[in-house]
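Take a look at the structure below.
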Amino acid sequence: MRRLYSKSFEELVEENKKQLLSDPDALKKIDAKLEKKQQEYSKRKIN
């Protein structure tokens, strides 16, 4: 059965953000990805 109330995209994003910020493993993964992207960007900028 379908729900009568569906969350807006903004509400879903906010809920997801809260869950990620309270999850230490997720924060470590995000930090690692950002660091990798920053290193890749730095390498491209030098070349």
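Since every read-out is calculated from the coordinates, none of them should be taken as a lab result. A quick note: this is a predicted structure, and the numbers were derived from the prediction, not measured.
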Mind pulling the angle between the C-alpha long axis of helix 24-46 and the longest principal axis of the chain? Nearest 10 degrees, somewhere in 0 to 90. 40 degrees
Taking only Cα atoms, what is the 0 to 90° angle, nearest 10, from helix 9-21's long axis to the longest principal axis of the chain? 60 degrees
Read-out semi-axes √(5λ) of the Cα gyration tensor in Å, derived from the coordinates shown; its label in (1) 21, 12, 9; (2) 27, 14, 6; (3) 35, 14, 7: (3)
Checking the cross-link filter: which lysines have an alpha carbon closer than 27 Å to that of residue 45, excluding same-chain neighbours under 8 positions apart? 28, 29, 33, 36, 37
